């Protein structure tokens, strides 16, 4: 949201009016977002711009535009009482794709006189639909329970999420806020006035204080700020009742550390030699009692719920395998209580959501695969009690705030970063696109499944897995290609290890080549697969033995095409991805050891460096993943998992060009791109990303990115 101030450059037709404007209005340099920092990333389509001006301008119109000539208006408001609020912006109607929007302002009179079009020094990174991905790892609620403050330990950022609409905005991290950047924010607590967040960082072993208005970050306690017991591996944080102290659980120390927020001084509150009772091992989630006298702690190693007296540090087990009845915890992750603190709600990463009677320790599963309807939890994390009969559980894999009915156990998706219906990816690795670019096929080694993505609707559906289709089940599918008719997919599986043909009409799986099917050199962690132009042979990189193999699809026989003993030139170090020219004379193999692309002569097995640190110009590779040759065979397109980028490589010179990455192109940033696919043209490239668990589309002319399915 934005505020507007005053203006000097007023190009009015009358010098007298111009002078009046200059004297009474000043310069247009006070426009600000109401509830957002300039430059922030957000999915909120109606940011408010507000400001003040001379009362002499009452009745004039303040306008905001998206271009420097002030021709494309985004919103306007009438100056009244020397103030105005522009609240009628609708970015969703103007921007279908993620965009970096710079804002310009102008003041208009009712008679058509206007001030100069002025750069407001305001910008917004707008993400429509679910393009702004949080990948939340933990969250806390606002006092009125309408807003969630969520941290992402993957992206090292703090977001706020409007629970009724799903709008998400970056609060701190990246380019927002000053101070030391997060490196693995793991837990947070919000001050009662909602001005500050206190965030424990596991990698920096530090406690941050974050200004929720500006995003500025300050370390309030670490090895160089404050005295006393140094953090080892902070995991949870809670504030004292008067908010003069923070309590930090530390799994490295096996204790709770008390932090003076004014000085950063640290003392052990409970654990080690402080306090009596069962020793803590890996204390994680924390909850301060309403009285402020007790601290409730989940221990991830013991799978116990403790109550700790803050005055003495003494520990009492509230619920464990020996205290209370019911299913034992397996991997307790999140903790919250009802209003009178008679019931604790514990989310368990493996088992679902529990309720715990505090007086007895008795445990009851409230919601899991067999209790309640709705999509099953994948990995439940933080939990917050919302009222008598509801709670919100963060599913850290699907990146969804799941609404849970505490009476029935029914689950419904609340705020979600999903795009398209269907099962969520877990760790998608391999990708192939059909010729019409209407469908993509993805293999996922965590799901052990082949998933079809409708590129029109973004919907995902399982084509083949342990319960869909017959034949040998996948064990770790890594890569995939299609036959000419697009009726059969050939999947390379690293653990079987072998090549599996999948009938796309029914999901049935048939082993084409493995240890007992076909002759020749055995597979050892096969990694990538491609087909020749006649679809009779597959070429497979053997990651475990650093070979390029040819597989006869008619009988499964394997022939070594290039290896340390076949062909001349530099030997493979970590042979990963492979692509083939149409003449079946050259294979391009990415080697992640020296970060090089080799050109392999398929007649001889000879290897020649096409592009590496000393061959070809441009930014160097760091960890090459997907590789695909363009249809005109002039360029290789490849992804780099360490640089989160898309490269283009000239096959004649080896010159490298970054087409999209963290510093090039607007849209959600890739974070572990694994494989690449495109149709007859490469103007739009599809990329599968294992950390974002998403299928991206990248415009190769601009680097712009959008999520197709997640």
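Identification of strands (runs of 3 or more DSSP E) wholly contained in the range 361-449 with 3 or more residues that are touching a residue at least 40 places away in the same chain (Cβ under 8 Å) yields 363-367, 380-387, 390-395, 411-416, 430-433, 439-444.
Return the residues of the range 70-85 that are assigned to a strand (DSSP E or B), over 32 Å from the mean Cα position of the chain (by Cα) and either over 18 Å from residue 56 (Cβ atoms) or not assigned by TED's automatic domain parsing to the domain that holds residue 35 (or both); say none if nothing qualifies. Matches in the range 70-85: 73, 76, 85. A single member of 652, 695, 664 is surrounded by 19 or more Cβ atoms within 10 Å (Cβ to Cβ) and outside the structural domain of residue 597 (by TED's automatic domain parsing), and it is 695.
Condition check for residue 140 on (1) within 16 Å of the chain's Cα centre (by Cα); (2) part of a strand (DSSP E or B): one failure, at (1). Evaluating residue 248 against the criteria (1) in a strand (DSSP E or B); (2) more than 25 Å from the chain's Cα centre (by Cα); (3) over 18 Å from residue 271 (Cα atoms) leaves one unmet condition, (3).
In the set (1) in a strand (DSSP E or B); (2) free of Cβ contacts under 8 Å to residues at least 12 places away in the same chain, residue 676 fails one condition alone, (2).
The rows are residues; the columns are (1) closer than 17 Å to residue 174 by Cα; (2) surrounded by fewer than 24 Cβ atoms within 10 Å (Cβ to Cβ); (3) modelled with pLDDT of 95 or more.
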site	(1), (2), (3)
192	no, yes, yes
197	yes, no, yes
202	no, yes, yes
211	yes, yes, yes
222	no, yes, yes
225	no, yes, yes
237	no, no, yes
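For the range 465-472, does any single residue satisfy the condition of being within 26 Å of the chain's Cα centre (by Cα) and outside any strand (DSSP E or B)? No, every residue in the range 465-472 fails to be within 26 Å of the chain's Cα centre (by Cα) and outside any strand (DSSP E or B).
Looking across the range 688-703, the residues that are under 26 Å from residue 124 (Cα atoms) and in contact with a strand residue (DSSP E or B) (Cβ under 7 Å, 6 or more places away or on another chain) come down to 689, 694, 695, 696, 697, 698, 699, 700, 703. Hey, any hits in the range 318-328 for a residue that's part of a strand (DSSP E or B) and in the same structural domain as residue 371 (by TED's automatic domain parsing)? Among the residues of the range 318-328, at least one is part of a strand (DSSP E or B) and in the same structural domain as residue 371 (by TED's automatic domain parsing), which makes the answer yes. When residue 602 is tested against the conditions (1) surrounded by fewer than 23 Cβ atoms within 10 Å (Cβ to Cβ); (2) within 21 Å of the chain's Cα centre (by Cα), the lone failure is (2). Looking only at the range 214-241, residues that are in a loop (DSSP other than H, G, I, E, B) and in contact (Cβ under 8 Å) with a residue 24 or more places away in the chain come to 12 in all. When you scan the range 100-117, do you find a residue that is farther than 30 Å from residue 58 by Cβ and touching a helix residue (DSSP H, G or I) at 6+ places or on another chain (Cβ under 8 Å), even just one? Looking through the range 100-117, none of the residues is farther than 30 Å from residue 58 by Cβ and touching a helix residue (DSSP H, G or I) at 6+ places or on another chain (Cβ under 8 Å). For the range 590-600, the criterion of a residue being free of Cβ contacts under 8 Å to residues at least 60 places away in the same chain, over 17 Å from residue 543 (Cβ atoms) and in a loop (DSSP other than H, G, I, E, B) is satisfied by no position. Summed over the range 355-380, the residues that are farther than 12 Å from residue 305 by Cα, buried (at least 21 other Cβ atoms within 10 Å of the Cβ) and more than 27 Å from the chain's Cα centre (by Cα) give a count of 2.
This table checks each residue for (1) part of a loop (DSSP other than H, G, I, E, B); (2) over 31 Å from the mean Cα position of the chain (by Cα); (3) surrounded by 21 or more Cβ atoms within 10 Å (Cβ to Cβ); (4) in contact (Cβ under 8 Å) with a residue 12 or more places away in the chain.
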residue	(1), (2), (3), (4)
68	yes, yes, no, yes
88	yes, no, no, yes
100	no, no, no, yes
128	yes, no, no, yes
134	yes, no, yes, yes
151	no, no, yes, yes
158	no, no, yes, yes
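For residue 259, indicate whether it is within 28 Å of the chain's Cα centre (by Cα), surrounded by 15 or more Cβ atoms within 10 Å (Cβ to Cβ) and touching a residue at least 24 places away in the same chain (Cβ under 8 Å). So residue 259 does not fit the description; no.
Among the residues making up the range 102-121, those that are touching a strand residue (DSSP E or B) at 6+ places or on another chain (Cβ under 8 Å) and not in a loop (DSSP other than H, G, I, E, B) are 102, 103, 104, 105, 106, 107, 108, 114, 118, 119, 120.
The values are calculated or read from the model by the stated rules, or taken from the named source; none is laboratory data. The structure displayed is predicted, hence computed values, not measured ones. Methodologically, a virtual Cβ is constructed for each residue, glycine included, from the backbone with ideal geometry; neighbour enumeration extends over all protein chains shown.
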